[in-house]
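I have placed the structure first, in the form of structure tokens, so that the comments after it can refer back to it.
The values are calculated or read from the model by the stated rules, or taken from the named source; none is laboratory data. Just so we're clear, the structure is a prediction, and the values are computed from it rather than from any experiment. All Cβ positions, even for glycine, are placed from backbone atoms using ideal geometry, and neighbour counts span all protein chains on display. Keep in mind that these areas ignore ligands, DNA and RNA; they rest on the heavy atoms of the full protein, side chains included. Shrake-Rupley method; radii C 1.70, N 1.55, O 1.52, S 1.80 Å.
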Protein chains: 2
Amino acid sequence: MSIDTTAAPPTRLTSTSYLVLGLIEREGPSTPYELKRHVAATIGHFWSFPHALLYKEPARLVELGLLTEEREAEGRRRRLFTITVRGRAAIRAWLAKPAHEPTELRDAGLLQLFFADLGSTDDCRALAVAQLAIHRAALARYEDDRRGDRGLNGSDAAARTVEHWRGVTLPMGLLYERAAVEFWERVFWEGVADDARR
Amino acid sequence: MSIDTTAAPPTRLTSTSYLVLGLIEREGPSTPYELKRHVAATIGHFWSFPHALLYKEPARLVELGLLTEEREAEGRRRRLFTITVRGRAAIRAWLAKPAHEPTELRDAGLLQLFFADLGSTDDCRALAVAQLAIHRAALARYEDDRRGDRGLNGSDAAARTVEHWRGVTLPMGLLYERAAVEFWERVFWEGVADDARR
DNA sequence: GACATATAGTCCAGACCATACCATACTGCT
DNA sequence: AGCAGTATGGTATGGTCTGGACTATATGTC
């Protein structure tokens with residue numbers, strides 16, 4: 001046992017921690033607002049991190065010595081966070097230890113489908129239509145993203161992060177959305193046919 | 001607007017609420033423990049609902065008048081929850097209004113991949129191997145489930161729920177896991193080739 | 001009776017979350 | 001200059017969630 005390598009730090013690092021550390025490591029010193037924008041342009045497409053968290057988390061990481069903070073004295077009083085040597089070490093340690101948790105797939109539509117037998121056939125049909133609209137839209141957006149129709153607008157910022165997202169992580173989103181479209185089309189055509197009988 | 005049909009209930013109903021209501025509606029009066037087992041056998045495969053929640057949520061629903069509670073006077077002092085007329089109405093209203101939220105895909109492995117450029121090539125390769133193991137295992141388990149190798153063991157309980165899961169919702173799990181295997185195989189063979197360049 | 005395992009439920013601190021709110025900066029119009 | 005409107009940037013609040021660790025009852029079995 002004794003899994004913790006750091007002799008009981010105040011709190012464990014979460015996915016959010018590594019997200020923040022990773023973005024700052026890749027993009028350099030950042031404000032929470034910048035983190036928020038980078039997240040929205042990339043991983044936020046399918047894993048929502050509430051922005052309040054992206055303001056709170058860096059403060060925690062400062063306490064843990066993984067980031068340092070400077071703050072504008074006037075005006076917006078922006079906070080600028082910079083990664084420390086220990087912060088870099090933390091990321092690399094994390095990357096060297098592959099995650100073993102299974103994927104969490106939280107989908108309200110799927111939950112409704114799970115209970116579709118309690119409603120009407122029409123409800124189920126309407127659900128399939130709504131879900132198809134959602135997933136087709138997501139698919140189209142991802143395909144645009146991949147072609148780079150976006151990510152250029154706005155600013156030069158986040159170039160590395162957006163590029164890396166586009167090439168490496170976004171393809172999973174595409175695969176997922178294609179699967180979802182296929183799935184809901186089947187639901188639409190076959191209904192909840194309870195073809196599980198037999 | 002005025003979306004709420006019930007004149008400002010203390011709190012809104014969440015996915016968990018509908019999960020609890022739906023299970024009780026389908027399976028009849030249930031204890032939290034039974035809910036927990038039904039969840040574990042079905043939707044819990046990819047959407048984790050911490051068990052503490054399945055003990056707390058019914059109490060809230062009682063306050064809202066959607067369930068009633070009886071409690072054993074002695075021994076385990078189990079709580080048995082029964083759905084009310086208003087509870088049934090709440091479910092049907094929910095089913096009649098298709099969800100419009102996008103899927104949340106929370107995957108620690110994918111997050112690591114998103115930052116794979118900050119680590120070594122070996123780390124990335126190891127990550128792909130680990131993820132392949134996870135997703136292949138999940139795929140195999142789902143395929144067993146579909147064939148009905150499980151769900152019979154243990155008890156007769158949850159027959160309807162498990163059947164419905166198997167026929168209707170599980171196929172999405174299968175599609176997802178197949179996509180994931182395909183994805184991670186590509187990562188394994190191509191590495192994070194940064195083939196995003198041009 | 002002693003021990004192990006499965007069943008059933010409770011508790012809690014800390015983290016999370018949505019949401020509303022506050023403040024500063026820029027932009028264009030008159 | 002004055003003002004409105006919008007985008008930028010950040011904070012506050014309180015309920016909710018979370019993951020353990022913990023307690024206790026029942027069943028078996030040596």
### Task
Being within 16 Å of DNA strand D (Cβ to nearest atom) and free of Cβ contacts under 8 Å to residues at least 12 places away in the same chain is the filter; apply it to segment A:60-93 and report the residue that is nearest to the other protein chains (Cβ to nearest Cβ).
A:Arg71
### Filtered residue count, segment A:42-56, keeping only those that are open to solvent by 30 Å² or more (accessible area, probe 1.4 Å) and either away from DNA strand D (no atom under 12 Å from the Cβ) or polar (S, T, N, Q) (or both)
2
### Message
What's the number of the only condition in (1) at pLDDT 85 or above; (2) open to solvent by less than 10 Å² (accessible area, probe 1.4 Å); (3) not acidic (Asp, Glu) that B:Leu139 fails to meet?
### Response
(2)
### Query
Somewhere in segment A:96-103, is a residue β-branched (Val, Ile, Thr), in contact with a Leu (Cβ under 9 Å, 6 or more places away or on another chain) and within 16 Å of DNA strand C (Cβ to nearest atom)?
yes
### Summary
Subset of segment A:65-123, residues more than 27 Å from the chain's Cα centre (by Cα) and in a helix (DSSP H, G or I), comes to A:Ala116, A:Asp117, A:Leu118, A:Thr121, A:Asp122, A:Asp123
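Residue-by-condition table, conditions (1) within 11 Å of DNA strand C (Cβ to nearest atom); (2) under 12 Å from A:Leu35 (Cβ atoms):
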position	(1), (2)
A:His51	yes, yes
A:Leu67	no, yes
A:Arg77	yes, no
A:Phe81	no, yes
A:Val85	no, no
